[in-house]
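Data first, discussion second: the structure below is written as structure tokens.
The values are calculated or read from the model by the stated rules, or taken from the named source; none is laboratory data. Owing to the predicted nature of the structure, the values given are computational and were not obtained by experimental measurement. Note that we place each Cβ from the backbone using ideal geometry, even for glycine, and neighbour counts take in every protein chain shown. Calculation scope for accessible area: heavy atoms of the full protein, side chains included, ligands and nucleic acids excluded. Shrake-Rupley method; radii C 1.70, N 1.55, O 1.52, S 1.80 Å.
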Amino acid sequence: MEASPPSSPPELDAAERIILRWDSTASEEARERMIFEGHRDEVDRYLQAVDEIQRSMSAASLAAASEDEQAKLNSAIQIAMARLEDEFRNILLNHTSPIEPDSLTSTGADPGSSSSSHHFSADHGNDHSAEFEVDDFPADDDGGSTPKSAAAADELLSRGDSSNTSSYRSTSSIRELDLIPSDAVIDLRNIAERMIAAGYLRECIQVYGSVRKSAVDSSFRRLGIEKLSIGDVQRLQWEELEAKIRRWIRAAKACIRIVFASEKKLCEQIFQGIGTAIDDACFMETVKGPAIQLFNFAEAISISRRSPEKLFKILDLHDALLDLIPDIDSVFESKSSESIRIQAAEILSRLAEAARGILSEFENAVLREPSRVPVPGGTIHPLTRYVMNYIALISDYKQTLNELIVSKPSTGSRYSGDPTTPDMEFAELEGKTPLALHLIWIIVILQFNLDGKSKHYKDASIAHLFMMNNVHYIVQKIKGSPELREMIGDDYLRKMTGKFRQAATSYQRATWVKVLYCLRDEGLHVSGSFSSGVSKSALRERFKSFNAIFEEVHRTQATWLVPDSQLREELRISISEKLIPAYRSFLGRFRSHIESGKHPENYIKYSVEDLETAVLDFFEGYSVSQHLRRRSN
């Protein structure tokens, strides 16, 4: 509203009367009614009266006024400012309501949506260098749960979180809402102009900030953002934090792109152009506390104790914050809000460092995992399942980790002089990304650790079977993940395949050479006629030896386990191809010599068909009692 020309004293008197009429300290009517809720003519008259008083208080006018007149003017302006402050607060309160739920969603693409559901659990220690224990390793990853108390917030947030696209580094996702109707904005601006002109800037900002901060707090509650200090966050159990991280990622997008962006727009609508950076001051008065509250959570996670299961949620946080950085820079672009931009950038850097540190410590922990008790039946070790599930998830984050990890792993040199550390030839892996080299290094140290564990078996056969099972599992996990297979590469995969096949061959040699040795001709013939010179006593001993050795192998190896059905069948076929023809031939050559003597059934206990059936029991992982029941049947 344009100011009126200089007034005559009667006009000043009229302005003072209007001001005094609305003095709430002196008038019951003034206390019960609000000017800006009445007729517009009443509003215009009051604003003109305030303008009149303010013009009269200019330096030139005051110089010509008496002390009594100056006192009257000062009193009038104080009354007017107190009234305008009340009107300002009332307009804000009347038009401040929680943002509609639908408006808090649909904040654009979800940068971590393809991986943000990942959950990995391992409770293995209390410090950064904790070693893994066998019992700490779950077989597979599973989904986390969300506390019931946050169900409403999660339901709200999930409405805008269905996209599966990757991050796009764009500020186009900012959605500025009109928080207050335009006519109310005009009234607020008119009041703000006069309060600031009269030197009541601080009061105006305080009123504005207190009301709008309450509105922001209300939106935070709807989004499930709790008032937690860094210490509060770090005292929470990780399982509880996982749910809070998922909620924070979604809520942070709504806060930055909608809540804070809309508050900034409102500040600009009301205050921009009135004075120097007053809109920025009001904006920071409103959102600085909530912004610090929002980022304190991410900061607490970034400096929390490191452990392997935290990696994926930390990466989710990193990706979400990285995607929000352009929006944060846009919303908090002013000099007065620089601290918010700096805090966000520092948190992003700490999250990246935490991810790198966790990966490095994970490598060390895999190498040093200390369990010495052999797993029953030579099956897949829990460490193998844990590590391979872990690096399969790592491969899902390859885009992020390829940006964060720029150096290849420290292999043998990391543990200088330690003979228990494997080495890795980088020359044959030239051209691979640092992340791929880290994953291959983890597989190398996993195999190295497993090789050490295999030596705790007293039987060489099961030691080889154990290595076969575990290396085969590693190969299958790589083949089952396109991302992991791409990074590891087919050349290294063929090398791994050769290792488990070599372990299978070593198992067969360790077990079946001694069995097949019983079926040789050497030592069965006596001097003299070759055609009739078979020593029946030697032959009987040979059959007894075969029966005893095979029975022991059958009794023992029926309790061993090859969990992969195809590998189990291939191994049985390979055994049968060696055992069955040799036994059939031996039986064909020497059966008549045994059957012509006494009690042949004591020596020829197995038919060829019996052996074929017995081989089918191998590697089923039967318990001893199960095996005995099968034998009795």
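Each principal axis of the Cα cloud of region 475-576 was taken in turn, and the coordinate range along them, longest first, works out to 69, 27, 16 Å. With N counted as the residues of region 519-594, its alpha-carbon radius of gyration over 2.2 N^0.38 Å works out to 1.41. Note on ALA82 and ALA14: the extension gain reaches 22.6 nm, defined as 0.36 nm multiplied by sequence separation minus the Cα-Cα distance.
Accessible surface comparison of GLU577, GLU29, probe 1.4 Å, protein chains only, largest first: the order is GLU577, GLU29. For region 302-379, the gyration tensor built on C-alpha atoms gives a prolate shape. Its axis ratio a/c (a ≥ b ≥ c) is at least 1.5, and a/b is the larger of a/b and b/c.
Of all lysines in the structure, the ones whose alpha carbon falls short of 24 Å from that of LYS514, not counting any fewer than 8 places away in one chain, are LYS455, LYS458, LYS499, LYS536, LYS544, LYS578, LYS605. What is the distance in Å between the Cα centroid of region 187-230 and that of region 455-509? Using only Cα atoms to place each centre, the spacing works out to 64 Å. Exposure check, 1.4 Å probe, all protein chains in place: HIS593 carries approximately 50 Å² of accessible surface.
Considered as an equivalent ellipsoid built on the Cα gyration tensor, region 194-287 has semi-axes of 34, 13, 9 Å, the largest given first. Only lysine pairs 8 or more places apart or on separate chains count here, and in region 208-280 those with Cα atoms under 18 Å apart total 8. In the context of the full protein assembly, TYR492 retains an accessible surface of approximately 20 Å², using a probe radius of 1.4 Å and ignoring ligands and nucleic acids. Projected label points at LYS598 and ARG21, each 7 Å from Cα along the beta carbon direction, are separated by 13.8 nanometres. The listed residues MET34, MET195 rank as MET34, MET195 when sorted by accessible area, largest first, using a 1.4 Å probe.
On a per residue basis, the convex hull of the C-alpha atoms belonging to region 280-423 measures out at 136 Å³.
At full extension, HIS456 and ASP183 could sit 90.1 nm farther apart than now, given 0.36 nm per residue minus the alpha carbon distance. Net length available on complete extension from GLU430 to SER537 is 32.1 nm, with 0.36 nm assigned per residue and the Cα-Cα distance removed.
The listed residues GLU52, GLU483 rank as GLU483, GLU52 when sorted by accessible area, largest first, using a 1.4 Å probe.
Within the straight-line cut-off of under 12 Å between alpha carbons, none of the aspartates and glutamates are reachable from LYS598, sequence neighbours fewer than 8 places apart in one chain being disregarded. In terms of the Cα gyration tensor, with a ≥ b ≥ c the square roots of its eigenvalues, is region 419-494 rounded because a/c is under 1.5, prolate because a/b exceeds b/c, or oblate? In terms of gyration-tensor shape, oblate. Please give every one of the aspartates and glutamates within straight-line cross-link reach of LYS432, meaning a C-alpha to C-alpha distance under 18 Å, and leave out same-chain neighbours fewer than 8 residues apart. Filter leaves ASP396, GLU403, ASP423, GLU483, GLU486, ASP490, ASP491. Per-residue surface analysis assigns LYS495 an accessible area of about 90 Å², computed on protein heavy atoms at 1.4 Å probe radius. Each distinct pair of alpha carbons in region 232-294 adds a 1/r term; the inverse of their mean, the Kirkwood radius, is 13.4 Å.
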